[in-house]
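Worksheet for the structure shown next.
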Amino acid sequence: MKEKYGPIDVLEFSPTAGNYPPTSVLELTVENARDAFEANVVSAIHVVNAVLPDMLARKEGALLFTSGLSAMYPVSMMGNIGIALSGLRNYVANLHTSLSAQGIFVGHRSLGLLIKESGTGAINDPDVIAEMWYQAYVEKNVWEEEYPKGVTPETILF
């Protein structure tokens, strides 16, 4: 990848749900919890390890992580995903703590909405979400936030 595109300046990581659908905390199994952890946390570690050495050498770059709201709040119907996303959030928080003084911006946004089709201009439009990330990258002053700001599990936008 590096040979073809050069060094990576910005990594945006939006994890997959894995092979199992969101599973209630009361129906968790080791298999569906492990699968979500692999899809969300282990894959993040792999991609960060691929780009971080160059960022550290240049003392610049950005690692941007998008997750669902269950990274920040308990959502019992997202048992397996919530376990994984809270693990991802902890990893991201530690990256932020370790890398902010080294010129690397680490950002996390927990989305409390369902992404709709592009071109609507609504808050759940992928283009609007991309613009939110661009502003976070340019400003580099807020490392973590829910999106839209102030959303909670009770106010998720469907």
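Within the stretch 114-147, no residue satisfies the criterion of being within 17 Å of LEU11 (Cβ to Cβ), in contact with a helix residue (DSSP H, G or I) (Cβ under 8 Å, 6 or more places away or on another chain) and without any contact (Cβ under 8 Å) to a residue 24 or more places away in the chain. With respect to (1) open to solvent by 60 Å² or more (accessible area, probe 1.4 Å); (2) aliphatic (A, V, I, L, M); (3) part of a strand (DSSP E or B), the lone exception for VAL106 is condition (1).
Of the residues making up the stretch 86-98, not one is over 17 Å from ARG109 (Cβ atoms) and crowded, with 19+ Cβ neighbours inside 10 Å.
Are there helices (runs of 4 or more DSSP H) fully within the stretch 1-85 with at least 1 residues that are surrounded by 17 or more Cβ atoms within 10 Å (Cβ to Cβ)? List them.
Details: elements: 2-5, 30-37, 43-58.
The qualifying helices (runs of 4 or more DSSP H) are 30-37, 43-58.
The values are calculated or read from the model by the stated rules, or taken from the named source; none is laboratory data. Note that the structure is a prediction, hence the values are computed from the model and not measured. Cβ coordinates were reconstructed from backbone atoms using ideal geometry, including for glycine residues, and neighbour counts include every protein chain displayed. Please note that ligands, DNA and RNA were not included when accessible areas were found on the heavy atoms of the full protein model with its side chains. Shrake-Rupley method; radii C 1.70, N 1.55, O 1.52, S 1.80 Å.
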